Structure formats: C-alpha cells, structure tokens
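Since the structure comes first, as structure tokens, the remarks are kept for the end.
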C-alpha cells in the first residue's frame, strides 16, 4: 500500500511529553502527484477521533537510501537537509546482506555503527531518525515493496539516484531532489580508492566514522578486497 | 504501480478489426475504493489523443489466480463468471515453479495445457484470456508486486481466498467475490484424494483435462507422491 | 524427461473443428540425434488408441527463447521462420523476473504485451504460438529442466545463441539454426542504445511495440536506467 | 568473528557528554566459557591507547531475538531484565522478511513501530537499545553469522529458546536464561488466538502496541490469515 | 544429459594397476527402459579408440541418496547391496545445506564423517564409493539435473523411495529396488526418537557412528532441537 | 564453531590398523592466534579418556579451496605442499553449483572427477584427502560458516587468495601461505584462454585431466561459452 500526500498517525519519538495534532509541513513537492483516497486513508480516518483523544500527532516521514560503504560527509549533509523538510527520516542501509566485497566492504552492523556515531557526533537529533538495514531483492519490480515492508510508513523520498527516483515515482511516491554536493569528493567509491592508495581518506568522513574504521581494521580489509581475484 | 478504477489502453485481442474506444463495463464494485490520479493515469491521459487517433480501445481486465493442481470444473465456472464482468481476464497459474509435490503434482507447463484445453473444450473465447504462470515469492509483502510484474495490467481481482483478497485490497485494488460453488466437490484437494483412492475423479474435471492427465500418467504420479516420505 | 524426435499427442489450438491425426512435418534436422524409446514414448504409445479415437492430432512443437528487451523486427522474423517448420511454437520470455535494469528495462508483463501485439499486427496466427514467461535459474545445469517445467512439451529448439544451443544439445534436443538477420540493426542492445541517444529506434521494432513503449513511457525509463549508479 | 568475554570499544549512546573508560559489568555467567585471545582482541588491544585517549568507553552489549508477532508484555519484561545486566541491548526483529502469514502477520516495519512505541511508553531508556530487523536464513548453520553481520558487536545472548541457545553456545557465546514469565499468557501465539476469537487480547500487549494494531486494522488481518487455505 | 543403459568410460578407483576394458555387469533391470543413442553416447563412442588405447575401463556406476540423519545400519546394508550390483557407487548426502533442524540435526560435514567412518568400520571397500553432499533445490522438476551436476556420471539408481524413484524414472534412468530391511527399526526418525527418549539408540547405528555422535555431543543437540518452538 | 590450535579426534583414513594417539605436527604458524578453550574443546576433553581407550588418533586437518575450472598443475603442487604440513587435507570444490559459464565451464561432478583422477595419477595418497563440493553463498559474511558446515573439522587453512585469507583470519583460523608457483602459467583463466585460442593447454594440466576434458568434449564447451552473449 502506498502513501502519497496523506498523513500518518503514530507515536513520534520527537517529544513524547508534548504530543499534539500537528499539520504536516508543506512539502513544496516537485511532483504532480495528487491526493488519493485509498483503504489505508480510510482506516486512518476512521481511527482519527481516537487518535486525537490519544494526543497522537501527525508525522511527515521521509525516506533516504544509501549503501554507506563507508558513510561520508555527503551522506551526513543529505540527512541534515532532509530533516529540515520532514518530521522524521527513515535512513535505509541498502544492500544490507553484503559485506567483504570490493564495493561493499562493511557489514550492515558496521554501517549501522557508522551512521549512528556520525549522527551523534554531528548533534543531529537522531531521535528523529530511524536507521533500518534492508537487504536487496534483485528484482527491481519488487524493491519498493520490500523497502515498504521493512520500514515505518513514509510519504516522501529524497534521492538524486535515477533508478531510485524512477522506482518510487512509478509507485506513486513524491520524490524530491537533494541539493548537489561535490560529487567527486563525496562518494563512497572515492573514499575507498583513497583508502587503497593510502591517501587522505579520513577527512572525507566524519571523525567518529574514521575512528570506527580504524578500530575494525577497515582499511586493511578494503585493501585485501581490492586485491582479490574473487568476484562477488 | 497500482491501477484501481482507471482504464487501460492497449490492443485488445478481442476483435482486431473493430477497434474503437469503449467505456469500461460498470464493475458494480463491492469495494469502497475511489478514483485516484497517479503517475500512470497522467501518462495514459497524456497519451490519450494519440491513442484515440490510433483506434485503441479501453479494456477492463480482471485477474484470477489459481494453482490448478489439477484444473477442475469449479475453476472453469469461476473463469466463465469473471469473463461476464470484464473484457479480458488474466488467469495466473500460481506457484508455477512447483511440481512433483504431494499438493503440487503438476508442472506449470502441464497446468498450462490443462487450462488451455479446458477453455477450448468449453468454447470459452480464450482470446479474451491471458494464461500466465507466475512463480511464488514467499514474502507475501512482495507478492502483489510480483504478480503485477508478470502480467498485463489489470484493474479488478476476482477471489474468495482470504489472503489473496487481503493482499490486493491492501494494495488498493478492487476485489470482487466469486459466486459460491460446491466447495466440497470442486477443490483440487478433493480431486487428488479421489485419484489416490481410485475414485471417480474424472467427472470433477473437464473431459479434456481428464484425458491430458491420462496421457501424462498423472494419476500414478499423484499416488507416488502421496506415498513419499519426502516433504517439500 | 527429454523428447527428441518423437511426436506429442495433445489438443492443438490450430483448428479445433478439424482434429485429425497428422504426420509431423519433416524437420530436416541438422543434428545427428536419432530416435529413442523412453518412458514417455511408451506412455504415449500405450495411450495411442484412445488418442486416435479421440481425434487428437500429432503436434510438432518448437521452442524459441528471447529476452525481448524490447521485442524487435528480428525477433518477429525468427518467429515467422520457425512457424514455417513446426505446427506450434513456444515463445519463452526469458529472464522473466528482471526489469528496471540497464539491460532488462521491461517487465515480463510488458514484454508479454509486446510479443502479443506484434504477432497480432503481423497477422501471425498466434493461435499457433504459446507465449510463456520463464524466470532465470542461474545454475545453467538446471536451465533446460526449468524451461521444460514451465512449457508445453516441445521437440525442436530454434536458436543461434551458442550457450542455448549447447545446453539443449547436451540435453539431447534437436537444435536448429535460424537464418541470419542483420545482427547490427536488429539486436535489443542496439534498440536500447538508439533510445538513449534519441535516435530513430522506433523503425527497428513493430509499430504496435513502438506505440506500447510510448504508452508506458518506456524511453524515459531506459534513459533513467542508463544513468544509474546501481548495478543489478 | 566471535566475541566472548572481552570488551568492545565503541561510542555508546548512553551519555555522550560523559564518555569515560568503564569496566564491563560482571555478567555472573552461567556458561563455562573462558577468555580467549583472538584476532579481534588483538586489534582492539592494539587500538587501546588511542581509544583511551579518545575517551571511548567499554560497552557490555547483549542480544535478544524475537519475532514480535505481535510484541507483548512478556517481550517487554525480557528487555527490561536484560537491560539490568548489560550496558546496551540489541533487539533483533527475527524473520524480518515475513508478513501476512498465519504465524507472521506483521511486517518488519510494523514490528519496528511496535517495539519502539512500547519502549517509549514503558519509559525504557531506548537509547540503550538497538532495534534491528534481521531476515531469516534457513540454514541454521549460517544463522549466527547472519545475526553477527546485521548487528553491532555483542558479547552475551539472552534466550530461553533451545535452538537459539544451542546455536550461540556452539558458536562460543555466553548465553544467559531469562526469568520465566507466565508462558501461557504471554506468547504471541496466545495473543493471535485471542485476536481470532475476539477475546481480550489487548491487555496482553502494551497500550501503545494495542493502539498501533488498531490503526493498521491488524486484527482483521490476523483473522483473514487464519482463514486462508494458502500455506506459507 | 541423461545416461540410461550405456556405459561410461572413466578412470576407476578400484584397481589402478590393472586397468582394462571391462564389460558392465548385467543389471538385471526391473525397468522397461530401452537403449537409446544420444549425444553423449556419440561423444563417448567417438572417443572409444583413444580410451581403449589408454587402458580406460568401463564402469557401471550406481546412485544411492540418503539424508543420513543419522547414518544407521539400514543405510549400510543398502550400500553393501548396491555395491554387489555395480562397480562403483555414488552416495549422495541429500539436503546437504540443512542442519540443526528437528529432522535434520547434523551438518553435511558431520554426516560425511559418519558415512566415511561406517564404511571403514565395515570393511566396505570405500575406494568404490564416492560420497558427495548435494544441497536440495526445492523445485522437484530440477532435482535430477542438480544431482547430475554434482556427481560423477551414473547409470542406475537404487531407491525404494517413491518420489526419488518417480523423478529418476521420468528422467529415463534405470531404477532398482533395494531389498526390504526392518523399516521400523532402521529409520533415522526412529533413531532420533530413541535419542530423545534416552533409549538404546546406539545399537541401531554402526559403532563408529555412535562414537562420533558422542564426540560432537549429538544427542544433546537432537534433544534441544526437539524442544524448540522454531520451525525450519 | 571455530577450531584454532586445538586437536581433533576422529577416525583417520590414513592407516586404520595402526590407530594410536599422535601429537599434531608443529604447524610453524605465521599467525599470532593463541590457544583458546571453548565449548568444543571442553566436549573433546571430556571425551578424551574414551577416545584414548578407543585408540583414536589426533588429526591435523588442513583446508584448501579452489574452483578448479579446470584443475591444473598449480593446484596439484598446492595440494602436495599442504599434505606435507598436515595429516589430512580437505579439498573444497568451490562455486559448486555453477557450470556452463564462461569462467565456470565444468560441473562440480566433472571437477570431482578431475581432482580425483589427478591425485591418482600423481600417486598422491588420496586417502589423506577429502574432496568436497561446496556451493557458494554470495554473502561473504556467511561463507566461512558455510564451508564449516559442509566439511570435516579443520584447523589450518592454506591460501594465497586475499579474500579467502581475510575471511578465515577474521574468523580466527590459522592461515598459511602457499609457496609461489608461476602464476602466469598456472591459472585456470590461462588454461581456458589457451583452450579458446587452440593453444597448447594440455601441458598445463595433469594428463588424466586432459584426457577427461577430451572425453566430455570440454574444449568445445569452453569455446561455445566464450562466444555467448548471455551473462551469468
């Protein structure tokens, strides 16, 4: 089931003591998607009186997907930007089942640590953030449904990635662009290349991420994986 | 992407020489689903002038899912009923990858033959029918998307099966009940039990299906599978 | 179970009112495969008197496998050629589970529409054609068995593709070459490249396929997929 | 790589402003497992001076696995108990890929909401809790490695479940029992049965979970799934 | 590719110093399968002069499939019987990927040890035996091909199991019955039940198998698995 | 469960008539791994008196992994070297499920024949060798556990491959280098290239392997696979 412009009624983590009914932020959408009335909306509407009495609030929840191999400053900027536009953000750690590959060196658990530490370090209010590892299904026609199954409901997707944008648009979601960052510097591929060449990779990632990668001997792992004959 | 009440513009197989714009049949829906405007609708609307000029017609297309292990007279009645309510019907052969199991003795190819032969025998206009094998994904949250990926677009689902009904309703589809048939007689389980007990199974299935099962030595296969220790 | 030179006794779709026992067309095989007598042959032989009484006919059925990403004029020519040599043809839509990939942009359902529309447009007697989506198993040692499980029985394979030819030959099938078409023009890769470059792709595919691709906004999908960072 | 009795050096979420080196709590283990020195220990030891300088602290992290179909008061009690014995707890939402089954009605995303809401409601310091959905691998010999790959490092497992206990014990982990709760009342199976029979299920789960299940029309879903013929 | 009655030309392990061309033993088949000439036969025939010059010998190789959970005296008797009828025997350890399940407690590696130790203990000439773990594919239509892909070529199958017999017969193999043993005593299910009930299980298995199970604490594993709530 | 420096008590195949307690060979390890005491060690220690009475011996067992596409002289040299350092060697045929691919032309069964024939030809005491096909799991975080599940217990790994070394080191195993052979000549890739170019490939593999490849028409298969458009 898809949620487009409508609102979602759940406990928010933001400030439990001040629960109240809020209007969703104006999304200033760059999509033409219009309101719809579907089963879920009807269920939510039927529950509305109870919800109001229970002081539940309306949440605008966004989605941001990354592989974070590793998490870098560009990812952090994207999360900060998205959080200015929604109440809560679901950060999906994509391709969660992969690790120890040339292009996917770190496990989902290690990437969970990276995202978490970086948000703490940056004083991002991570109570507004859900961090959820989601394994790939390799059938793209199923991918949106898979993400929906692993995550809290969301109603806007932040992405510049052409395939991600297309799949969520075809499924009827509002999809918004992220402001452009210096793509050359801030890609995970670039960070891994610097690691292999012994360059100054650590300035491309948050300090807490650099420290974590050191702790788990991550640079040597990336280098070993770059030398292997084994393809994934 | 989901299609609820809107129309679909494709070549129909029904009568190629008389293509014209048709109004969809009134579905007399037992769902509360209301019209929506989503991306696909917009695409189709943008293409509408061209489509009209090209003499394409509007098709109401239904979906009917079965495992057909084997195909019996109840299945045939259901297909006939559905075809009275839509222009075309997609008949999905479910659990397509399974065969040689106690509850799934026949291959997708064999079941394709059964459906096909039964429709020919019954003088059903099978030009209105699409027969499509679809393998199971065992994650129910992905199943509707998987069916959508394997089939022509449809806008109404015919089913009495509680899980099928729920999954398509949660995905926003119009779901209609089938009239009740004598469930005790016309279930595939009952037919297989009769086969094992050497009872009069053949009167429960169309004649052409009975003949086909004889040709492929199907009753002996069903009996062997009933005696096996191997679970699926 | 493999069928090599022997005949298959099923209902044919060709002309239901004139069912009679036919001799299979001479396949003029380019394989050295010789007749064999196996279990299936014995079953069929035992059933023969009944079959004759039932006016069933003998069917020579061919197999043709393609991904059809998208379906182009070369595919149509191949199907026409094959149909001159067999009574019926099973057209397998291969890699059926994939879509929204750079090299596999269209879903099985969309490709089913393409093949169907193209056969209607070309006045090919599609009553002689079975269109069957078959998902890939990535273990080539299992692929022939998987195709056999999803399809009506066939006894000759049409292919120029070296792997397809080898797998079916090793499994004992008669494998026949298709006449050479202008490979440079008529490959799906070439059509997709033309789509990305905004070239004149539509003349490479049947008109009904071009129109269908327009309806589903297919060119923009192909372009988005060409720009993605995501590998399959 | 397995961690048994040794300590883990990461940022803790507990109190970011007071980072200091802590001694792990005495686990009062009911296992005979003894200290070992392996590669990870050596890496961590080599990094220790840096870590101390960086004011990182030592974390005792536990693991607790449940399917939470749905989350009930027994689960909450188990989490509270475990948190008295460790600094942080990883709560794994098991069988994450399943939903809409008779025994697994809710998606991972819905269960994530349940756990989250229940912890907030109970004033559990959920900053000490990591909630991580982990899909099943059906090869039990791989399951411990899969859990390790999806989660932050942990060094003690809380479980009464015989298979979970055995798998983690064979892998060398400290495994501790949970105090016995009234098993008859507090099992997810019992809650689902009450839902189907229209009994007083809601008193078996935290209030916020009951409300959430109402919002998503969960009881009707559970009832539909109980009536289906479809096996998983 | 299937092998029915024809012979196979490979090195035999039996007696390397006395390689010579042998006639295959008369299989005294209880199948009606008749000789066929297929591609493999042609390849082998073409290679025959070289083979003869190289002193290769003709090998009749049988197949015997079991799960061996655990290996018991009935399995040993079956292997001994089969070896009286063929030159070599491929012993397939089926469902190789499973372990730590109620009905599949032991890993493929542990079962490999059991078979190996039992053959050594029984003075079976295990140089005539190939022990090959083969993982299940759950699509029975693919299973014969999967077994063929994992094993040396074989030309006769020994089995009383109805599904195994049917699948190999449909694929054209000679399938032979094994003499009946006391089924009540000698089934793996019975041995596991005795283990759980603390009965005298060890007399049902070869001594070396009993000792091995003791070494790996197997009885406690079987008991833990019997108490688990987790289904496979 | 991991085994590092400790010993394993099983029947050895080496010389059944002279079973006695042996000290493991000094592995002269290039790892810093130190002894540990884990559950398995305790089990084994508890069983020790029985084992001694039963005249079991201590086995140092190594692991060597290859795809053997095809088996060449470098593989043989590696096996010979490893056998000088351990009592027994487990030779894993990796990527066992693949065949008929450009880089994986041969089935597991065919590769089993190659390894076996080559060891016989080279007068390697193959009674010291376990040859075990192991299918790939594509999640590297699970791979060590998968290998452990398919094989007899081993306590040292021989490999120069960076990924294999890293995965087993992270899992706590002793990993030893193999002496360097002429890598340019003795790689399977090089052998397959020579096959395609009609070069002198046969001198790169043992004679019995060359003969076997001829028997199964392997060179033509490799050439067909090199010409295919199909990617794996």
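Derivation of every value follows stated rules applied to the coordinates shown; laboratory data play no part. These figures come from a predicted structure and were not determined experimentally. Backbone-built Cβ (ideal geometry, glycine too); neighbour counts: all protein chains shown.
Listing for the model above:
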quantity: Label distances, nm, residue E:103 versus same residue in remaining copies, Cβ-directed 7 Å point; calculated: 1.3, 1.3, 3.8, 4.0, 4.1
quantity: Of all chain E residues, the one whose C-beta is nearest the axis that brings E onto B, in angstrom; calculated: E:138, 6
quantity: Ranking of B:87, A:125 by count of other Cβ atoms within 10 Å, fewest first; calculated: A:125, B:87
quantity: Pseudo-label separations to other copies for residue B:199 - Cα-to-Cβ vector, 7 Å, nm; calculated: 3.5, 3.5, 6.5, 7.0, 7.5
quantity: Cα-based shape type of the range C:98-178, given that a ≥ b ≥ c are square roots of the gyration tensor eigenvalues and the cut on a/c is 1.5; calculated: oblate
quantity: Footprinting exposure proxy for E:178, C:142, C:180 (fewest neighbouring C-beta atoms within 10 Å first); calculated: C:180, E:178, C:142
quantity: For D:80, D:194, order by how many other beta-carbon atoms lie within 10 Å, fewest first; calculated: D:80, D:194
quantity: Shortest-first nm distances, residue C:161 label point to equivalent points in other copies (7 Å, Cα→Cβ); calculated: 2.8, 2.8, 3.0, 3.3, 4.2
quantity: Whole-Å semi-axes of the range A:61-226's equivalent ellipsoid (Cα gyration tensor); calculated: 26, 18, 14
